[in-house]
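The values are calculated or read from the model by the stated rules, or taken from the named source; none is laboratory data. The shown structure was predicted, so the numbers you read here are calculated from the model rather than taken from an experiment. Cβ atoms come from the backbone with ideal geometry, glycine included; neighbour counts cover every protein chain shown. These accessible areas exclude ligands, DNA and RNA; they are computed on the full protein's heavy atoms, side chains included. Shrake-Rupley method; radii C 1.70, N 1.55, O 1.52, S 1.80 Å.
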Amino acid sequence: MLDYVIIGGGVVGTLIARELSKYEVSILLLEKENDIGNHATLANSAIIHSGHDPKPGSLKAQLCVRGNTMYETLAKELKIPLIFSGAFVVARDQEEVDTLDLLYQRALHNGVKEVALLDADEAQNREGNLADGVLKVLDLPTTKVTYPWEVAIAALENALLNGAQFKTNAKVTKISPVNDHFIVEINQQEEIEARYVINAAGVYADELASFVEDDLPYRITPRRGEYFVLDKKVKGFVERVLYPVPSDKGKGVLVVPQVHGNILLGPTSEFQDAKENRDNHSDHLNWIRRDSEKLAKNIPFDQIIRTFSGLRATSTYHDFYIQPAKKHPQFIHVAGIDSPGLTAAPAIAEYVVKTLLNRDQRLPKKTDFNPNRVKKKPFYESHFEEKLQLFKEDHRHGHIVCKCERVTEAEVVAAIHSPVASPTIKGIKKRVRAGSGLCQGGYCENTIVKIIARELNIPISEVDYYEKETPILWKETKVKR
Amino acid sequence: MSVKSMICIVCPVGCHVSIDDNHTVTGNRCKRGETYAIKEVTNPTRMITSTVKIKSNLTTRLSVKTSEPIAKTLIFEVMDALNSVEMQAPVSTDDVVIKNVLDTGIDILATRTILE
Amino acid sequence: MERNEGETMNVDIVVIGGGASGLAAALSAKDETNSVIVLEREHVLGGILNQCIHNGFGLHVFREELTGPEYASRFIEKFHAENIDYKLDTTVLSINKPDDCFIVEAYNNEDGALTIHAKAVILSSGCYERTRGQIKLPGARVAGIMPAGSAQRYLNIDGYLAGKDVFILGSGDIGLIMARRMTLEGAKVHGVAELMPYSNGLTRNIVQCLHDFDIPLYLSHTVTDIKGTKRLEEITIQEVDENYQPIAGTEKKFSVDTLLLSVGLVPDTMVFESMDLTLSPITKGAIVDHTYQSNIPGIFACGNALHVHDLVDWVTIESEKAGASAKRYVAGEIKEERNNLTIEPREGIRYTVPQSIDMNNFKEPVTVMFRVTNKYDVGTFTVKQGDTIIQQKKARFIAPAEMESLMIKPEQLIDQTTPITIELEVK
């Protein structure tokens, strides 16, 4: 019998696993995909919000502000990229200026430190490509930007180091409450017993909840967001995250500097029924173009290298729903985690463990918990001397596989065999950035496919693009069948 | 009487020419178009370029071509013939891969030098 | 700690890339007095020609029709005969010029880091394929969407077919050639869609790659939706209006597992990220004068790294000139002080290469290559300085896909300062 089963390997599930691994308990994280961090964690704005936006008194406000303050330590311990970009909320007419003044009050009320209102000249001085016609700006220096899926990978790696376990390709198909525990069925085959079940299943949270709740307290209504990515060549185009004044539709289209120098434009916001649809639509992309120009001028649209879209697990509850199930309190809902979910994630983990699971402080603390993740400095970040050292350790550091992002064969091989590995084209891209650059894998994909095939001892036609059964090639030619 | 239409590819003009059963050609702007059209209905030929398997440290396929244009109707038969060949490096450009393929008098030649 | 210093070398000229362009440039740059090294990232010389196994190469340079690998072989043999230095499996990561010489930082798994001090650098690193993201192709993100050149490499070098039921977006020559290649190897190619009202490929390829195999070509069409859960399952194409916007009601659906993108090539100038290399917004390659020298003295560019060519023969001819200029540059025969007279594309002309003539070094006639903006049966190219016509040339079958050229001689110029313009007149 396990103590805790966590369902869902996004930032929330993995950070809960890490938080629980501070205690002498058994933990198993289940992920239905062949990799963790594949949904909302993979496709979002990457922002660590200050907390100016959530409604005062909401769990979102509380956990967003708390999460923001936790990221600096988290980044140090887990070696995740974090830039202290700051942010401007941009008001363009009198109505927006009025809202901005309210937001200023709201930020203070929510406990955001260092918040200020700036006039247009001052804002323009600090952010050269700020759009013309801006009247007033809310300055949020505590806003940061991270690399979301590395947060999940790092958190899980660290949880594993501290004794947690995980399983990918493990879809929970049934949860049966029995007496003081649950039987969790995986892939309609395997059964696992656990005393507690933590539901961090993102857009599927309501489906899982229906196994233990008679009246579902929430429904997940996925909201799709589409984005443009600009090449890292544009680094420095803006220093800060630029937000419009939020409306009833959400935060709106943003301009976001990314940790590796790219700029993100987006997201759109559209409710949909399907839980897997991550399409892009031409008219929505036009909408991003139009709206982003209200925030910044001279946007180099010719530097767009990619479009993507993701789903936010918005719920009908209108706040994070983090509570024990009514009839079965050992089932914990961690649901409706849409924006600011990434920001709040470490605070959500803390809240779930300290406030819900260990309120009575009965869980025994691990004396040898190691908060630090071991991570090799990437080749692209290394100085010349460090590169020489890397080469001495492994000559495959001399083979640059991806020249856009400067990734070496040694790094690809290490990613294939890493503790939280997913040896697919996309799994490698998520871990070492090969294929994230200007040519989008046009050059390196061929080499990476061959390295994966070699390391796994499979033909290249069996190497998957992302999910299971997504080979990029059909068959070998000239083979008698 | 049937009429076949085609685009002449002898020069960049690209005349849309028609040819009937009596080999009367129309639409061509020069004599070469007539010759082309008649050849296309009597004995159309094509160069075939493809690959065969090769045992080598560098690659798994060797590029090859027909030594001269071959009857268009034989294209897929030639492709089948190529499937049964496996070369061993070293191979040099112009080495014969298949002699007298399908009894046409035409050879399949290597188009690349692969030494190791 | 024992420190591996990596290898440091001094050479006169570094050539980045050992494909058609780099080989030709190196061959003409090398003489008895200078040292030249070619850095090639692949395990073999020849570049993209190795995967272009079809024929049609060499009609201008060799007066015969060769396949890509054969064309490459001729230069590789010459190159080896001249004993020019080269390094394979070697990737250049950066180029800087802290003082009087360039420092080229390259890596391979034998030498580790390679630091090369050079007087001149020739950029002949070819181009990369435009991607789904760059053309903002809508729809689902599924496996089975691939640039045509990538599919060509998997097929011709590795021996793997990308898919069974294939559709191709873009009717440039790579798209057409791949339609035939995939068909020959057993795939079914359901069609080729082209955004423009005409194909950007050679008529010969339309006939021999599409008509021969009854593959339909949809002109003025583009892909407007992509469906599938894991692998591509269905695409929708739609006719477009004169502004290239999809026309409602013209949707056609195809059940395919593979979509190849043949939607353009972009010069690869990435190694110059840390230097102020001026790029043309049209060609995306360097802006050069008639010696193929960029705005940075000592940096020369040629081949597809400069602008995308339709025929390798032109790559060879251009790269030989760039190589010869680099040779003269290191020999001190090109005056450092430059006096550039610009060549400006006007009505009907998209761009020219070179973009200027350096009057301080202008003694021989200069070939100006250019592309037009639209397709015409007949037209006249007029070269002017101000209102003065200095040259006119009639041309037939003008198309954006086909590079045009004309020659400007020193004695034709009326002065040293009035910019040269080129325009196209059509009836």
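List of remarks:
- With a 1.4 Å probe rolled over the protein heavy atoms of all chains, the accessible area of A:Arg92, A:Arg240 falls in the order A:Arg92, A:Arg240, largest first.
- Solitary cysteines of chain A, where the nearest other Cys Cβ is not under 4.7 Å: A:Cys64, A:Cys404, A:Cys439
- Rg over Rh [alpha-carbon atoms, Kirkwood Rh] for segment A:276-382: 1.12
- Alpha carbon Rg of chain A, scaled by the compact-globule rule 2.2 N^0.38 Å: 0.98
- Computed over chain C: relative contact order in percent, which uses C-alpha pairs under 8 Å that are six or more apart: 15 percent
- Residue by residue along A:151-164, Cβ atoms of other protein chains within 10 Å of the local Cβ number 0 on average.
- B:Phe76 versus C:Arg63: modelled label distance in nm, points set 7 Å from Cα along the beta carbon direction: 4.1 nm
- Charge dipole (the protein assembly as shown, unit charges on Cβ, about Cα centre) - positive-most of C:Phe213, B:Val25, A:Leu28: A:Leu28
- When the alpha-carbon atoms of chain B are used, the pair Rg, Dmax equals 18.3, 58 angstrom.
- Diffusion coefficient, µm² s⁻¹, Stokes-Einstein with Kirkwood Rh over alpha-carbon pairs of chain C at 10 °C and 1.306 mPa s: 69 µm²/s
- Per-selection Kirkwood Rh - segment A:333-385 (Cα, Å, 1 d.p.): 14.7 Å
- Compactness of segment B:47-114 as Cα Rg over 2.2 N^0.38 Å, two decimals: 1.03
- Cross-link pairs beyond the 21 Å C-alpha cut-off, checked among A:Lys233/A:Lys392; C:Lys393/C:Lys427; A:Lys377/A:Lys403; A:Lys429/C:Lys97; A:Lys144/A:Lys366: A:Lys233/A:Lys392; A:Lys429/C:Lys97; A:Lys144/A:Lys366
- Solvent-accessible surface ranking, highest first, for C:Thr67, B:Thr45 at 1.4 angstrom: B:Thr45, C:Thr67
- Protein accessible surface hidden between B and C, which excludes ligands and nucleic acids, total in Å², probe 1.4 Å: 2400 Å²
- Placing pseudo-labels 7 Å out from each Cα toward the beta carbon at B:Lys99 and C:Gln391 gives an inter-label distance of 5.4 nm.
- Per residue of peptide C:100-113, the mean number of Cβ atoms on other chains within 10 Å of the residue Cβ is 4.
- Hydrodynamic radius of the protein assembly as shown by the Kirkwood approach over all distinct alpha-carbon pairs: 31.3 Å.
- Evaluated over segment C:268-410, the Cα radius of gyration and Dmax, each in Å: 15.1, 46
- At R0 = 60 Å, FRET efficiency that the Cβ-Cβ distance of A:Lys249 and C:Asp276 yields, to 0.05: 0.90
- Chain C: angle of helix C:312-330 to the longest principal axis, Cα-based, in degrees nearest 10: 20 degrees
- Computed over segment A:383-462, the alpha-carbon pair-distance distribution with 5 angstrom bins reads 3, 17, 27, 24, 18, 9, 1, 1, each value a whole percent.
- Between helix C:173-184 and chain C there is an angle of about 50 degrees, using the helix long axis and the longest principal axis of the Cα atoms.
- Legend: calculated FRET efficiency, C:Glu32 to C:Glu425, from the Cβ-Cβ distance at R0 = 30 Å, rounded to 0.05, equals 0.05.
- Averaging Cα coordinates gives a centre for segment C:49-100 and one for segment A:269-300; these two points are 43 Å apart.
- Scattering profile of segment C:337-427 at q = 0.12 Å⁻¹ [log10 I(q)/I(0), Debye over alpha-carbon scatterers]: -0.34
- Segment C:131-263, relative contact order [Cα under 8 Å, separation at least 6], %: 33 percent
- Segment A:1-82, Rg to Rh (Cα coordinates; Rh as Kirkwood inverse mean 1/r): 1.00
- Translational diffusion of segment A:299-351 was estimated from the Stokes-Einstein equation, with Rh taken as the Kirkwood radius over Cα pairs; at 20 °C and 1.002 mPa s the coefficient is 158 µm²/s.
- Probe 1.4 Å, all protein chains present, accessible-area order of A:Trp149, A:Trp287, largest first: A:Trp287, A:Trp149
- In sequence order, calculated HN-Hα J values of segment A:306-317 (Karplus, 6.51, -1.76, 1.60; Hz; x Gly/Pro): 6, 10, 8, 8, x, 10, 9, 8, 5, 10, 6, 7
- Residues in segment A:434-468 that a label on B:Glu116 would reach, taking backbone N under 11 Å of a point 7 Å out along Cα→Cβ: none
- Taking every residue in C:66-75 and counting other chain Cβ atoms within 10 Å of its Cβ, the average works out to 5.
- Heavy atoms of A:Leu438: accessible area, 1.4 Å probe, square angstrom to 10: 20 Å²
- Interface burial in segment C:200-220, defined as at least 10 Å² less accessible area with all protein chains than with the chain alone at a 1.4 Å probe, covers C:Thr203, C:Arg204, C:Val207, C:Gln208, C:His211, C:Asp212, C:Phe213.
- Label point distance in nm, C:Lys164-C:His43, each placed 7 Å from Cα along Cα→Cβ: 3.1 nm
- Solvent-accessible surface (1.4 angstrom probe) belonging to C:Met275, in square angstrom, nearest 10: 30 Å²
- Segment A:46-118: Rg to Rh, with Rh as the Kirkwood radius over Cα pairs: 1.02
- Expressed in units of 2.2 N^0.38 Å, where N is the residue count, the Cα radius of gyration of segment C:131-263 is 0.96.
- Burial order of peptide ranges C:157-164, A:410-417, A:79-86, A:345-352 (average beta-carbon count within 10 Å, highest first): A:345-352, C:157-164, A:410-417, A:79-86
- With Cα atoms, 0 to 90° folded angle of helix C:20-29 axis to chain C main axis: 10 degrees
- Using a probe of 1.4 angstrom and keeping all protein chains present, the accessible surface of segment C:91-161 works out to 25 square angstrom per residue.
- Solvent accessible area, Å² - C:Glu411, 1.4 Å probe, full protein context: 140 Å²
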